[in-house]
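Take a look at the structure set out below.
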Amino acid sequence: MRVLGIETSCDETGVALYDTECGLVADALHSQVAMHADYGGVVPELASRDHTRRLLPLIDQVLEQAAIGREQLDAIAYTAGPGLVGALMVGASTAHGMARALDIPVLGVHHMEGHLLAPMLEDEPPAFPFVALLVSGGHTQLVEVAGIGQYRLLGESVDDAAGEAFDKAAKMLDLDYPGGPRVAALAETGDPGRFQFPRPMTDRPGLDFSFSGLKTHTLTTIRQLESAGQLDAQARADVARAFEEAVADTLAIKCRRALKQTGLKRLVVAGGVSANVRLRARLEDATAKQGAKVYYPRGRFCTDNGAMIAYAGAQRLLAGERDVVGQMQAVPRWPMDQLSAPA
Ligand code: KG4
Ligand code: ZN
């Protein structure tokens, strides 16, 4: 089955073609990062308009790469949520319009299920069951995954998501949006021993996260350095390093705990923050002691992309799931544990 995947939930337009027999055939992405950078974050109306401009040319590009025509598609999968409602509607209406014209099935996919299954596109995919750490701009969750659609939430952030915390720390350090990669780059030259930031909620049992205290601590440290006239380039790098270490360590401690609690030996890490190199190293160190293995998507499939949507959609389309004709879905808030296994 040849499935076209469409992702438009936030600030990247992603398109891919996944063939259930041959694997990923083609994928293309347009990132809106440069467009939103001037505003310091995603401007929803601009995001929707840009998806509208980019989506059809990207679909043509993917079909050209795959050397097939539209009429050779067997189904279409699109991100139905969670995300920005206007942005979601661009993908949803395009997918439904194309599916209607081609008379093929179409299915709305959960964005976080896409992230969670992205490591399945790699050469050594994880087997079920596993624990998944989902760390993106909007979510920080630990999920026990028994199979596709069989998700038990083990813990989540009670306030900011890890990616959001990175983005806010970046703003405090006068770095551009999106902050994660910029904080990571600055942290490279930072001294890990200069500041010791808190590891929130690691001193009590449970698998929930909180990043707002760490954010306040970062701001307080920056202000103190500023008022002492010490906020030079090295100090900014040292703050970035301390912040990154604290996030990576906190996530690693909770992952180790989740593996222990579930008795599982496989950890999947996905979502934008899973691109963070220090986080990966920390997770590998922390879980190696437990004899566990860590699985990630390749770098460009950590952040939003069409391939993960094509893959996740294909699994459900194969099982016969599809949207009702003419009923597109755009669901801005959609808890992942409301999903069920494909029939
Ligand atoms: O998954 P994603 O592309 O979009 C959402 O679904 O939210 O994640 C975007 C988030 C942003 O907050 C971004 O700053 C963060 O992932 N991010 C990173 C890195 N690359 C992206 N955070 C830390 N280190 C990185 N290398
Ligand atoms: Zn995402």
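May I ask you to list the residues in the stretch 297-343 that are surrounded by 21 or more Cβ atoms within 10 Å (Cβ to Cβ) and aromatic (Phe, Trp, Tyr)?
Phe301, Tyr311
Which of the numbered conditions does Thr8 fail, given that it passes all the others? Conditions: (1) within 16 Å of ligand 2 (Cβ to nearest atom); (2) open to solvent by 20 Å² or more (accessible area, probe 1.4 Å).
Of (1) within 16 Å of ligand 2 (Cβ to nearest atom); (2) open to solvent by 20 Å² or more (accessible area, probe 1.4 Å), only one is false for Thr8: (2).
Check the stretch 129-144 and report whether any residue there is among the aromatic types (Phe, Trp, Tyr) and open to solvent by 10 Å² or more (accessible area, probe 1.4 Å).
no
Out of (1) open to solvent by less than 10 Å² (accessible area, probe 1.4 Å); (2) at positive phi, what's the single condition that is false for Ala87?
Here Ala87 meets the rest and fails (2).
Tell me whether the stretch 219-234 contains one or more residues that are under 26 Å from the mean Cα position of the chain (by Cα), away from ligand 1 (no atom under 14 Å from the Cβ), surrounded by fewer than 19 Cβ atoms within 10 Å (Cβ to Cβ) and over 29 Å from Met112 (Cα atoms).
The answer is yes, given that some residue of the stretch 219-234 is under 26 Å from the mean Cα position of the chain (by Cα), away from ligand 1 (no atom under 14 Å from the Cβ), surrounded by fewer than 19 Cβ atoms within 10 Å (Cβ to Cβ) and over 29 Å from Met112 (Cα atoms).
What residue, of Ala246, Ala252, is surrounded by 18 or more Cβ atoms within 10 Å (Cβ to Cβ) and in contact with a Phe, Trp or Tyr (Cβ under 7 Å, 6 or more places away or on another chain)?
Only one candidate qualifies: Ala246.
Since Ser93 meets every condition but one in (1) open to solvent by 30 Å² or more (accessible area, probe 1.4 Å); (2) in a loop (DSSP other than H, G, I, E, B); (3) more than 17 Å from Tyr18 (Cα to Cα); (4) not acidic (Asp, Glu), which condition does it not meet?
That leaves (2) as the condition not met.
Output the residue which, of all residues in the stretch 15-63 that are charged (D, E, K, R) and either without any contact (Cβ under 8 Å) to a residue 12 or more places away in the chain or not in a helix (DSSP H, G or I) (or both), is farthest from Met1 (Cα to Cα).
First, the residues of the stretch 15-63 that are charged (D, E, K, R): 19, 21, 27, 38, 45, 49-50, 53-54, 60.
Narrowing further to those that are either without any contact (Cβ under 8 Å) to a residue 12 or more places away in the chain or not in a helix (DSSP H, G or I) (or both): 19, 21, 27, 38, 49, 53, 60.
Numbers: Asp19: 6, Glu21: 7, Asp27: 16, Asp38: 42, Arg49: 31, Arg53: 28, Asp60: 19 Å.
For the stretch 15-63, the residue satisfying everything is Asp38.
Residues to consider are Ala343, Ala270; find the one that is in contact (Cβ under 8 Å) with a residue 12 or more places away in the chain and away from ligand 2 (no atom under 16 Å from the Cβ).
Ala343
Kindly indicate whether Ala165 is in a helix (DSSP H, G or I), closer than 22 Å to Gly91 by Cβ, within 16 Å of ligand 2 (Cβ to nearest atom) and in contact with a Phe, Trp or Tyr (Cβ under 9 Å, 6 or more places away or on another chain).
no
The values are calculated or read from the model by the stated rules, or taken from the named source; none is laboratory data. These numbers come from a predicted model, not from an experiment. FYI the Cβ positions are ideal-geometry reconstructions off the backbone, even for glycines, and counts take in every protein chain you see. Heads up: the accessible areas ignore ligands, DNA and RNA and are worked out on the full protein's heavy atoms, side chains in. Shrake-Rupley method; radii C 1.70, N 1.55, O 1.52, S 1.80 Å.
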